[in-house]
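Step one of this worksheet: look at the structure below.
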Amino acid sequence: MSLIPLMIDITNKKVFVIGGGKVAERRVTTLVNYAKDIHIISPTISENLKDMFQRSVIKWSEKSFEVNDIQQADLIVVATNDASTNQYVLQHKPSHAMINMTGAATAGDVVFPSILQRGKLTLSISTNGASPALTAEILAEFQQRFTSHYEAYVDFLYECRQRVKQSALSSLEKQRFLKSILADSYLEKDNQKDVMKWLDSLN
């Protein structure tokens, strides 16, 4: 299996999760940050998933899986603890849908990475199921390296880029400026304010 990392907008895609246990809960906890239409197919679900259902965050069909359940799916997450059911879902998925097999990453065509989100900054790490422990170790290093300050910092970089693009600076000056504000010193809000004042002076 050869996977290409992609950033995909699934806001309005139909996501179906087969299974309602702890593994399904972990997937749904991630997915609710990105998708509006999440539907669980399972006779039972965890208490946290039940709370999400009662708050109308997700949908739930209290039943065993049937092939017709996923015909309109864009993304399918298979997360039951029954290997035969998992294989059955995989064999009967519609051709247009992508599928994530939680117990056998290489069997599907979608792998969920570990994600670090800092506002507009998204970092993802995956070993394609080879070593979850290594993935967790790298994620921990990223969390220490890219602290919560990066959310405001990336917003600052975005605002600078938008404003300098509209300025009368030459292309070379713009490139030099955008490179200069990548210095760690601009993580400090006071230095960011000085830059914004300078940008104001260009108008």
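The values are calculated or read from the model by the stated rules, or taken from the named source; none is laboratory data. All values derive from a computational prediction rather than experimental measurement. Here the Cβ is made from the backbone with ideal geometry for all residues, glycine too, and neighbour counts use every protein chain on show. Please note that ligands, DNA and RNA were not included when accessible areas were found on the heavy atoms of the full protein model with its side chains. Shrake-Rupley method; radii C 1.70, N 1.55, O 1.52, S 1.80 Å.
Scanning segment 27-48 for residues that are touching a Ser or Thr at 6+ places or on another chain (Cβ under 8 Å), open to solvent by less than 80 Å² (accessible area, probe 1.4 Å) and part of a loop (DSSP other than H, G, I, E, B) turns up 35, 42, 43.
Report, by residue number, each residue of segment 49-70 that is open to solvent by 50 Å² or more (accessible area, probe 1.4 Å) and among the hydrophobic types (A, V, I, L, M, F, W, C).
53, 57
Select from segment 76-97 the residues that are in a loop (DSSP other than H, G, I, E, B) and touching a residue at least 24 places away in the same chain (Cβ under 8 Å) and write down the one among them that is most open to solvent (accessible area, probe 1.4 Å). That would be 81.
A single member of 24, 73 is open to solvent by less than 30 Å² (accessible area, probe 1.4 Å) and part of a helix (DSSP H, G or I), and it is 24. Right, residue 14: touching a residue at least 60 places away in the same chain (Cβ under 8 Å) and either surrounded by fewer than 13 Cβ atoms within 10 Å (Cβ to Cβ) or of a type in the set (Lys, Arg) (or both) or not? Yes; evaluated as a whole, the condition is true for this residue. Quick check on my filter: what residues within segment 80-94 are touching a strand residue (DSSP E or B) at 6+ places or on another chain (Cβ under 7 Å) and either over 12 Å from residue 70 (Cα atoms) or basic (Lys, Arg) (or both)? Scanning segment 80-94 gives 80, 86, 93.
For segment 149-183, the set of residues classified as aliphatic (A, V, I, L, M), assigned to a helix (DSSP H, G or I) and closer than 21 Å to residue 119 by Cβ consists of 152, 154, 157, 164, 178, listed by residue number. Check whether at least one residue in segment 112-131 is assigned to a helix (DSSP H, G or I) and farther than 22 Å from residue 33 by Cβ, and report yes or no. No, segment 112-131 has no match at all.
The residue that is surrounded by the fewest Cβ atoms within 10 Å (Cβ to Cβ), counting only those in segment 186-202 that are in a helix (DSSP H, G or I) and under 29 Å from the mean Cα position of the chain (by Cα), is 189.
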